[in-house]
Each structure stands twice: as structure tokens, then as C-alpha cells.
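What follows is a single structure, written as C-alpha cells, with notes after it.
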Amino acid sequence: MMMHVNTTTSNGTEDASQSTPSSGRQTPFRIAIVDNDRLVLGLLASFLDKQPHLTVDWTANSGRSGIDAYHRSLCGTAPAADLIVTDIAMHGMSGLEMCSMIRFEDDHTPILGATSYDPQMYATKALAAGMQGIVAKEDLERLRESIATLLDGSRLPMRDGVFFDSPQQAFARLQTDGKPALLNLSENERTVMDYLSQGMLTPDIAMLMDVSPSTVKTYVSRATRKLGVGNRREAVAEWLRITNL
């Protein structure tokens, strides 16, 4: 994907010193980036790593690997990010799914969505998933400003008079809503539900996963129960609902 970037300030000059967090912190803020486009991932990492007061500690190229890196940071085996920037539309686990799973556990790390499309297309879904904002990937100036705002503890506007939740507000709301069903499913159960939602049949799924058809049926049965529905058709409908938020 070709990404045309805008790095100029409002007066038309390039200035990497603008839009930096105003806190008196001496060490750089640690940024994590998740994007399944390796070219874009590299461009974003290079840009943010050059900003004063910021350093990119880890990157991931899928929602699942982003979750894994986040959990490693909790165990001290990977750096703990002060802010996560994530793509929205990714194969497998989307950035929205990844965000809702992290936010259910985390009440302090801001998560900023980034998209190649009009951010307003995803604003409502980003809010529901617990994100603190969403920006266009190619607008690097807005990305930099948004990161600085969030690291200063302020909230980003969603539309006129409406702001995205803070991490604490989003965490509290998701706790009230209940544990996301996605967290309950195993990797194999998630994979089966992804295939079923694409209209695939049990024998084809079994061949792709290199398991028996009866094993696929077991995964479907478990996923159906965990999703709180009564049959395969309802499970697929519920899976499509929660994965599209």
C-alpha cells in the first residue's frame, strides 16, 4: 500500500519538535505499533522513533501478536508501552478486537487507532472497543499531535461536543458490559469460527486445520456454548456481530 504522508506544520514548515508531551518526564515515552502492512509498520515506527520524547519499544504485525506482546510486557519479558497505536482493519483479529481485549484488562494505557480510510467511518466502533481516538495513517502531524495529547492525559474529540473515553472510563464501561466473548475462546475455536463465518464447510475446515471433522465439530460446540447461543447458525451470527463490534 502506498502511503502519502503529511509532516508539515500549520505554517508549512517541517518541525519535529512540535506536538510533544508537556510532562516533565526525563525518559522517552514508549510507543507500541500494530499493523499488518509491514511497509506501513516500518514507516510509522521510523517516524515516531525520530520524535523527541518518544521511542518505539515494540511492534507487531497482527492483532494476535499484539496481544501476545502486550502480555509479555506484563510479565516483564518485553517493554511496557505507554501508548499503543494500532491499525483498525487487519486479517484475523482486527485492531478493534485487540483493543477490546486489552482494555478489559488495562485501565491506563491509551490505545490510538490508525486507518487508511476516513477515521469517521470507524469512530463509533473505536469508541465502543475502548480506544482513545482514531486518526488517518497518512496524516502524521495529526498522529503526532494525538499521541502528545493522550500522553498528557487529555482526551481526543470524536465529533462536535463528544470526546473519546479515557482509558479509565473505557475500562469501567467494559467491566460493566461484561467479559468480551472473544476472551473465552481458544485459538482453535476462534479459527473455526472465522472459517464458518466465511461460509466454509466442516470437511474443508478440517483439511485446512489438519484435524478430523469430529474435532472441528467439537470446536464448534465449545465455541457455541461460550458465545452463549444455541446452535451453529446463531454462533456464526454472534461471531460476526462481536468481531465487527
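Values in this text are rule-based calculations from the coordinates and carry no lab data. Given the structure is predicted, the values throughout are model-derived calculations rather than measurements. Note: ideal-geometry Cβ built from the backbone for every residue, glycine included; neighbour counts use all protein chains shown.
At 0.36 nm per residue, minus the direct Cα-Cα distance, what do R225 and H91 gain on full extension? Give it in nm, one decimal, please.
Taking 0.36 nm per residue and subtracting the Cα distance, the gain is 45.7 nm.
Computed from label points 7 Å out along Cα-Cβ, the spacing between Q26 and R155 is 3.4 nm.
Paramagnetic label reach from R233 (point 7 Å along Cα→Cβ; backbone nitrogen cut-off under 18 Å): within segment 187-203, residues 196-202. Distant-in-sequence amide contacts of L54, defined by a placed amide H-H separation under 5 Å and a gap of 5 or more residues or a different chain, comprise F29. Phi angles across segment 220-237 convert, under the Karplus curve 6.51 cos²θ - 1.76 cosθ + 1.60 with θ = phi - 60°, into 3J(HN,Hα) values of 5, 4, 5, 5, 4, 5, 5, 7, x, 10, x, 8, 4, 4, 5, 5, 5, 4 Hz, Gly and Pro given as x.
What aspartates and glutamates does K226 reach when the alpha-carbon gap must be under 20 Å and sequence neighbours fewer than 8 apart in one chain are set aside? Those aspartates and glutamates meeting the cut-off are E97, E105, D177, E187, E189, D194, E234, E238. Computed from Cα atoms, the angle from the helix 167-177 axis to the main principal axis of the chain rounds to 20 degrees. Which residue, V34, V211, V229, tops the fluctuation ranking in a GNM of the chain built on C-alpha contacts under 10 Å? Of the options given, V211 has the highest mean-square fluctuation.
Rounded to whole numbers, the Karplus 3J(HN,Hα) couplings from phi for segment 201-206 are 9, 3, x, 5, 5, 4 Hz, using 6.51 cos²θ - 1.76 cosθ + 1.60 with θ = phi - 60°, and x at Gly and Pro.
Amide H neighbours of I134 under 5 Å, at least 5 residues apart or on other chains, H built in the peptide plane: list them. Amide H to amide H, under 5 Å and 5 or more residues apart or across chains, I134 pairs with G113.
With a simple spin-label model that places each label point 7 Å from the Cα along the Cα-to-Cβ direction, the separation between L240 and S214 comes to 3.1 nm. Calculate one ³J(HN,Hα) per residue across segment 92-104 by plugging θ = phi - 60° into the Karplus curve 6.51 cos²θ - 1.76 cosθ + 1.60, and present them in order as whole Hz with x for glycine and proline. In residue order, the calculated couplings are x, 7, 6, x, 5, 4, 4, 4, 4, 6, 5, 5, 5 Hz.
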